[in-house]
1. Roll a 1.4 Å probe over the protein heavy atoms and report the accessible area of F381 in Å², nearest 10.
2. Based on the Cβ-Cβ distance from Q348 to I327, what FRET efficiency comes out when R0 is 25 Å, to the nearest 0.05?
3. Whose amide H sits under 5 Å from the amide H of Y271, counting only residues 5 or more places off or on another chain, with H placed in the peptide plane?
4. Sequence-distant or interchain residues sharing an amide H contact under 5 Å with Y91, placed H: which?
5. Mind scanning K117/K318; K282/K440; K159/K193; K190/K436; K92/K282; K74/K282 and naming the pairs with a C-alpha gap bigger than 23 Å?
6. Can you tell me which of 236-247, 212-223, 121-132 comes out highest on packing, and rank the rest after it, using the mean Cβ neighbours within 10 Å?
7. Give the accessible surface of segment 82-152 per residue, rounded to a whole number of Å², with probe radius 1.4 Å and ligands, DNA and RNA excluded.
8. Per-residue HN-Hα couplings for segment 398-406, Karplus 6.51 cos²θ - 1.76 cosθ + 1.60 at θ = phi - 60°, whole Hz, x for Gly and Pro?
Amino acid sequence: MSEKEQAKKTILNKDDISIQDLSFEQIDSIIKGLSLHKENMLQKSLTSDNLEDIVKAQTYLEKNKKPAKSPNIKTSLFVPDEAAYHTGNGYKENYSGVPFEVLQRMGNIPIVYSIVKTRLDQIKNFLEFSNDEQKAGYTITKKRGLFDDKEKELSSADKNKIEYIVNYLEYGGRGGKWDDGEDLTEFISKIVKDSLTVDQATAEIIRDKKGELYKHVAVDGSTIRLLDSEDQRFQDQFKGMEINGFLPKYAQVWNNNIVTNPITNQPVIYYPWELMYGVRNKSTNIRQNGYGVSELEAGIELVTWILWGMQYNGNFFKQGSQPKGFINLKNGEMNNSILNEFRQAWRQMMTGVNNSHRIPVFEGVDLEWIDLQKSNRDMEFQSWNEFLIVMFCSMYTIDPSELGFHFKNQKDMFGQEGQRERLDHSRKKGLVPLLKFIQKLINKYIVNFLIHSSP
């Protein structure tokens with residue numbers, strides 16, 4: 001008797017026995033028999049002449065298909081000695097960088113706010129759908145192969161799909177303009193601002209019961225952390241949370257604890273398909289623990305010096321005094337009566353337009369004029385402030401003239417002859433990469449999924 005027949009006989013003979021009475025060996029035999037029976041059914045259905053049986057078998061296999069797990073790597077991608085001082089909160093911290101909360105507050109500093117707002121205003125010009133290549137905007141085209149020379153013609157179905165995707169992006173979801181989704185301008189403004197301050201552009205991707213995209217909502221990038229599930233040393237803590245071969249990857253954190261959803265009372269964690277996560281400045285620096293490095297973090301000393309300069313000038317106008325000079329009366333025995341007469345005579349001879357450039361003459365008074373404006377420190381201070389602004393703007397690859405700063409030696413600083421050339425150079429160097437970053441995020445997390453959903 002074959003192994004398959006023996007397993008089938010074992011199953012049939014146990015129909016009148018309670019499952020609690022079965023031994024381990026009998027249970028193993030039943031499981032093995034069912035597995036063989038399922039394989040036989042699938043093979044029979046796939047080779048059947050009945051199209052319906054073939055479709056059912058293929059649908060079952062596709063539905064239960066699990067992605068192959070990638071082999072483990074040898075290299076440690078996170079802080080190697082983290083286990084020694086691991087907090088046990090379940091997520092990764094950035095041990096070398098500036099806290100996200102500090103970077104977020106720095107985003108309200110005038111020079112930083114001006115840079116971010118300028119880039120946002122420029123990006124908004126590209127958030128309207130257009131098929132005109134000469135007009136600023138975005139478009140959706142059919143993907144071409146690597147070796148296709150010409151763009152493929154769009155069918156009626158393709159045009160309907162593109163219109164469906166555009167409407168989804170414009171309204172921030174399938175619920176329409178009166179739903180609580182975010183329109184394209186609002187959504188992009190939020191994630192780009194987070195990207196330019198904390199270098200984390202994040203959004204929750206919400207799906208319906210069929211698994212199709214329903215809407216997306218921008219999430220505060222400063223609250224998102226990488227879970228320990230990304231680290232092989234701590235993956236055992238997430239056993240039982242695997243879905244289709246994937247573990248949760250991100251979490252929302254507040255006050256050093258993972259946030260709890262007030263409705264479900266479950267921790268707010270995200271699987272890879274539930275959260276848009278974009279980092280522009282990735283690094284192999286192991287002390288970053290998997291996080292990026294924002295321009296604010298790299299230029300924190302420049303920001304500090306700019307703030308000191310602003311505070312210095314602010315305090316001067318608030319409580320300081322800097323006269324052109326003062327008069328020293330050398331006669332130490334002069335009484336108040338003579339001193340008051342001198343003050344009155346000075347005002348009569350020197351105040352008013354008619355007394356401009358008039359030379360005062362006094363008799364019997366020993367005077368000394370002390371000049372306080374002989375140094376060039378003001379010019380040195382101005383050059384220092386200009387240098388700081390230029391250096392900080394270079395961190396964001398933006399020309400200071402885009403913010404309204406016009407320096408005399410601007411041509412020497414940037415190597416561009418005219419204003420138009422400098423602006424074009426600045427936008428190609430700073431704005432275009434930012435637009436490509438947004439394009440990559442939208443394609444990866446939204447458009448690629450909308451292509452396969454029904455309009």
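1. Accessible area, nearest 10 Å²: 60 Å².
2. On the way: r = 16 Å, r/R0 = 0.62.
Plugging the Cβ-Cβ distance into 1/(1 + (r/R0)^6) gives 0.95.
3. For Y271, the qualifying residues are K249.
4. Amide H neighbours of Y91: D228.
5. Numbers: K117/K318 29 Å; K282/K440 15 Å; K159/K193 32 Å; K190/K436 17 Å; K92/K282 16 Å; K74/K282 20 Å.
In this structure, K117/K318; K159/K193 exceed 23 Å between Cα atoms.
6. On the way: 236-247: 11.7, 212-223: 19.6, 121-132: 13.8.
Packing proxy ranking, top to bottom: 212-223, 121-132, 236-247.
7. Values: 4660 Å² over 71 residues.
Per residue, segment 82-152 has an accessible area of 66 Å².
8. Couplings: 9, 6, x, 5, 5, 9, x, 8, 10 Hz.
The values are calculated or read from the model by the stated rules, or taken from the named source; none is laboratory data. Keep in mind that this is a model prediction, so the values were computed, not measured. Note that we place each Cβ from the backbone using ideal geometry, even for glycine, and neighbour counts take in every protein chain shown. Just the protein is used for accessible areas: all its heavy atoms, side chains included, with ligands, DNA and RNA removed. Shrake-Rupley method; radii C 1.70, N 1.55, O 1.52, S 1.80 Å.
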